[in-house]
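K.L.:
Structure incoming, see below.
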Amino acid sequence: MRLTKLPLILSDMGGVIIEFDNSYIAERYAELFNIDPKKANALIERYSELLDINKIKIDEFFSIIAKELNISKRRAREEWINTIKARAKVDRDIEEIYRSYKLKGYTIAYITDVSRVSYLIEKRMNLIDYSLPDRIFISSYTGYSKKDPRAFYKVLDYYAVKPKEVVFIDDRDQNIETAKKIGIRCIKYKDKDSFIKALRNELDE
């Protein structure tokens, strides 16, 4: 639970702290299996949305991907994992920014739309500093993506805060709009310099 009256800093992970996109996996499939990358990316995006909120199971997900792309399920899964391991990178500068606010007494929490398998791979890699956030809200465990306001109500309920007491950072317009509609203060992440200024302004520092 939050132990301070300072605003809760709620950050997206992928696109802000972690540099990774499912298009990297589509590129890998295209390179290895001579597949149209646009087709692969569209397919991955379509079914990842269901996987990320646990509406389909991981085995079913890879069965669909394998069938649609005419590749083996084992290779589809292996190359998914290999791509995450090879291309997921963390921005330590962003972590340091959040760490500095944590030292000032702010509560830091993360919220991410990600499948359980991808999250567990990243965690086994120790990709980020998992001691930094007070809590991580993961779509495949909560059942709600950031396109759904219920994802944010989960956060508000957990911390017993009002929307105006939360500053949310994300790189995607749709997620920002969802949060704004329920009264959460938002910062659209574009680059580090503009983000640092926007965060300082939002927190009146």
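The values are calculated or read from the model by the stated rules, or taken from the named source; none is laboratory data. Because the structure is predicted, anything quoted here is derived from the model rather than measured. Cβ atoms come from the backbone with ideal geometry, glycine included; neighbour counts cover every protein chain shown.
K.L.:
Does D204 fit the bill of being in a loop (DSSP other than H, G, I, E, B), modelled with pLDDT of 95 or more and loosely packed, with under 15 Cβ neighbours inside 10 Å?
P.N.:
no
K.L.:
Continuing with this model, one more query. Looking at the structure I just gave you, is R77 closer than 21 Å to D171 by Cα and charged (D, E, K, R)?
P.N.:
no
K.L.:
Next question, about the same structure. Looking at this structure, is D59 outside the structural domain of S115 (by TED's automatic domain parsing), under 30 Å from T107 (Cβ atoms), out of contact with any Gly (no Cβ under 8 Å at 6 or more places or on another chain) and acidic (D, E)?
P.N.:
In short, no.
K.L.:
Scan segment 58-77 residue by residue and report those that are among the charged types (D, E, K, R) and surrounded by 13 or more Cβ atoms within 10 Å (Cβ to Cβ).
P.N.:
Selection gives E60, E68, K73, R75, R77.
K.L.:
Would you be able to tell me the number of residues in segment 44-99 that are assigned to a loop (DSSP other than H, G, I, E, B) and either of a type in the set (F, W, Y) or touching a helix residue (DSSP H, G or I) at 6+ places or on another chain (Cβ under 7 Å) (or both)?
P.N.:
The qualifying residues number 7.
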